Amino acid sequence: MIDDDDWLNFHFAAKEIKAKLGVSLGKAQAMLRQVCANGEVRSQKQPYITVGHEAEGQGPPERIEPSEWREHEIDLMTTYDGCWYMVNVSKSDFGYWLDQHKPKPEQGRQPLVIKYLTKRFSGRRVPDPAHCVRKDLLAELRKLDPILAQLDIKTLMRAINKYNSSLAADGKR
């Protein structure tokens, strides 16, 4: 087997997929099982039990053949005597696979509106409706780009909320 430093816990890897690709945790786990099943990412398992609050391995790690993944969700399995499997994936295989998968770019009018709002408001929040007439902003956007000619108020409001939320998340109120 490869040195312990070359392995990443299955669940941590799934969380990385979730974060990078913007999918649900369940979808991320399914994607990781699939790449293990088709052999793109090597994996290993080790039965363990919990002693106190710590996982204690019950034997050396064993390679998981891709065919095993096609038959079972090994990360959710237990041994015949009730031990869980600690499942790890190869860091190098996983890193290479994840680098090949770029998040899907957003499509539709909303990303264009957000891009415009970023320019128009220079990283500041779009003011409340009392200070910024939404219909004027809507008319301005419709003239700006042919794709936005049919922009409706609901899409504009969703884009404003998303834009303002992203600023709040970045601490730029």
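All of the numbers you see were taken from the coordinates with simple rules; none came from a lab. This one's a predicted model, so the numbers in the text were calculated from it and none came from an experiment. Methodologically, a virtual Cβ is constructed for each residue, glycine included, from the backbone with ideal geometry; neighbour enumeration extends over all protein chains shown.
From zero up to wherever the largest Cα-Cα distance of region 4-99 sits, split into 5 Å bins and tell me the percent of pairs in each.
Calculated over all Cα pairs of region 4-99, the distribution is 3, 14, 24, 25, 18, 11, 4, 0 percent.
Can you list, largest first and rounded to whole Å, the semi-axes you get for region 53-173 by taking the square root of 5 times each eigenvalue of its Cα gyration tensor?
Taking √(5λ) for each eigenvalue gives 51, 18, 13 Å, largest first.
For the chain, modelled as a Gaussian network with Cα springs under 10 Å, which listed residue fluctuates most, Ser43, Ser67, Ser122?
Most flexible of the set in this elastic network: Ser122.
What's the exposure ranking of Asp136, Asp6, going from fewest to most Cβ atoms within 10 Å?
Listed from fewest to most nearby Cβ atoms, that is Asp136, Asp6.
Would you please give the residues with an amide H less than 5 Å from that of Met86, counting only those at least 5 places away or on a separate chain, with H modeled from the backbone geometry?
Close amide H contacts, sequence-distant or interchain: Gln46, Tyr48.
So if we plug the beta-carbon distance of Ile147 and Ser67 into 1/(1 + (r/R0)^6) with R0 = 45 Å, what FRET efficiency do we get, rounded to 0.05?
0.40
Calculate the FRET efficiency for Phe121 and Ser92 from the Cβ-Cβ distance with a Förster distance of 41 Å, rounded to the nearest 0.05.
On the way: r = 43 Å, r/R0 = 1.06.
Efficiency, from the Cβ-Cβ distance: 0.40.
I'd like the FRET efficiency for Asp136 and Leu76, computed as 1/(1 + (r/R0)^6) with the beta carbon distance as r and R0 of 41 Å, rounded to 0.05.
Once rounded, the FRET efficiency stands at 0.15.
In a Gaussian network model over the chain where Cα atoms closer than 10 Å are linked, find which of Glu68, Glu54, Glu16 has the largest mean-square fluctuation.
Evaluated over the chain, the most mobile residue of the options is Glu54.
Which value in nm describes the separation of the simple spin-label points at Lys154 and Glu54, placed 7 Å from the Cα toward the beta carbon?
Once both label points are built, they end up 5.6 nm from each other.
Among rounded, prolate and oblate, which fits region 46-93 when a ≥ b ≥ c are the square roots of the eigenvalues of its C-alpha gyration tensor, a/c under 1.5 means rounded, and a/b larger than b/c means prolate? The partial results should precede the final answer.
Numbers: a/c = 2.27, a/b = 1.44, b/c = 1.58.
In terms of gyration-tensor shape, oblate.
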